[in-house]
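To start, the structure under review is shown below, and the notes come after it.
The values are calculated or read from the model by the stated rules, or taken from the named source; none is laboratory data. Predicted, not measured: the structure shown is a model, and the values here were computed from it. Using ideal geometry, Cβ is built from the backbone for each residue, glycine included, and neighbour counts are taken over all protein chains shown. Just the protein is used for accessible areas: all its heavy atoms, side chains included, with ligands, DNA and RNA removed. Shrake-Rupley method; radii C 1.70, N 1.55, O 1.52, S 1.80 Å.
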Amino acid sequence: MKVSDFKIGTLGSHSALQILKGAHDEGFGNVVICQRGRAEPYRSFKVADRIIELDTLADTVSLEKQLIKDKVILIPHGSFFQAFDLEELNRQRVPYFGNKDILKWEVSRTKQREWLKQAGLTLPKIYEKPEDIDGPVIIKFFGAAGGKGYFLTHTPEEFKRKIAPHADKQYIIQEYVVGAPLYIHYFYSPLTNELEVMSMDKRYETNVDSIGRISAKDQMDLKIETSYNIMGNLPVVVRESLLPQIFEMGRHVIDQSKKLEKHGLFGPFCLETIVTPDLEFYVFEISARIVAGTNPFINGSPYADLRYNEPMSTGRRVAREIKQAIQQDRLKEICCNDFTL
Ligand code: ADP
């Protein structure tokens, strides 16, 4: 089969622009599935061959037969996991770039911790009981959209006072690491066994990233509640001396993932870290797919530019992997779900 027999498809949100453009750059046709009324960016930026509008993204399941017939390969991103739960995603028979089996290790906070710990990474400590709090901690609520309501505290007494308005919510108490947030975007190719650093970002979150513009006194007077709702991403380039460790962390995560599940993790992924003043990396989360932090790099990043003599976004890198797999007749190695074409 040839590259032009296939199309790349995704949901119209998150990082779809670079995925669709990347598909074109690598010679694929493409299709984007949008919620009705949200298709304008895909029309205006002229990145899509076909736009399908649905009442909700969850209705994508109704397109299954048609997508299979059109030889569409879906590239997942964060919005897939809002549109479908894991069971629903596992049921779908459209070719899917990635390994669905690894997702359960990401979805569960406990399993994710186990994975990252076994990979030898440093993680912020989790406090089992409020009485154990003996330093700065961040209280994270389950399912909190944009980290709404997350708060910091450093003693059991203060915790009790601050948790009172949230009596009915589930939460975790995590060590708060004072340092600089750094989100590292990797790509691992199962075809060549190479690990690449594509780019890095820091998030631009409201209102936490603008609270420093208000004096501490005014913050107290106005009783401002911190929120971490993300509204954008900013590019970061790190000290070159940090790169060996960055590669090592990524490699350990991949090696460990292969022990957890057949095929392990591959394709794009992101380690969400805080770097301390001693330049130690604390990893507080992994995203096992393309992250929106790669969006500033549609035209390539300083790192991608070193390796490729053409603009290489993460979306395009995925399309290139699919292209190479098709050319080498190895599609099943990168689309591990159950499908027949
Ligand atoms: P969500 O997953 O709900 O978006 P995150 O876990 O990404 O929330 O955290 C929200 C914000 O808090 C981010 O800015 C992140 O950098 C910061 N953060 C998260 N965990 C820690 C931690 N353990 N120490 C310091 N900062 C943290």
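Summary table
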{"quantity": "Residue within segment 51-70 that is crowded, with 24+ Cβ neighbours inside 10 Å and on the phi < 0 side of the Ramachandran plot present", "calculated": "no"}
{"quantity": "Matching residues, segment 138-191, being within 16 Å of the ligand (Cβ to nearest atom), within 19 Å of the chain's Cα centre (by Cα), aromatic (Phe, Trp, Tyr) and at pLDDT 95 or above", "calculated": "183"}
{"quantity": "Options 320, 316, 251, 239: the member that is open to solvent by 30 Å² or more (accessible area, probe 1.4 Å), away from the ligand (no atom under 16 Å from the Cβ) and touching an Asp or Glu at 6+ places or on another chain (Cβ under 8 Å)", "calculated": "320"}
{"quantity": "Any hit, segment 203-218, residues being among the basic types (Lys, Arg), open to solvent by 60 Å² or more (accessible area, probe 1.4 Å), touching a strand residue (DSSP E or B) at 6+ places or on another chain (Cβ under 6 Å) and closer than 28 Å to residue 145 by Cα", "calculated": "yes"}
{"quantity": "Whichever residue in segment 158-196 is aliphatic (A, V, I, L, M) and over 24 Å from residue 233 (Cβ atoms) and, among such residues, is surrounded by the fewest Cβ atoms within 10 Å (Cβ to Cβ)", "calculated": "167"}
{"quantity": "Test: residue in segment 219-233 that is away from the ligand (no atom under 16 Å from the Cβ), polar (S, T, N, Q), free of Cβ contacts under 8 Å to residues at least 24 places away in the same chain and open to solvent by less than 60 Å² (accessible area, probe 1.4 Å)", "calculated": "yes"}
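Per-residue answers, yes or no, for (1) touching a residue at least 40 places away in the same chain (Cβ under 8 Å); (2) over 30 Å from residue 316 (Cβ atoms); (3) of a type in the set (Ser, Thr, Tyr):
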| site | (1), (2), (3) |
| --- | --- |
| 135 | yes, yes, no |
| 151 | yes, yes, no |
| 169 | no, yes, no |
| 174 | yes, yes, no |
| 177 | yes, yes, no |
| 195 | yes, no, no |
| 210 | no, yes, yes |
| 213 | no, yes, no |
| 216 | no, yes, no |
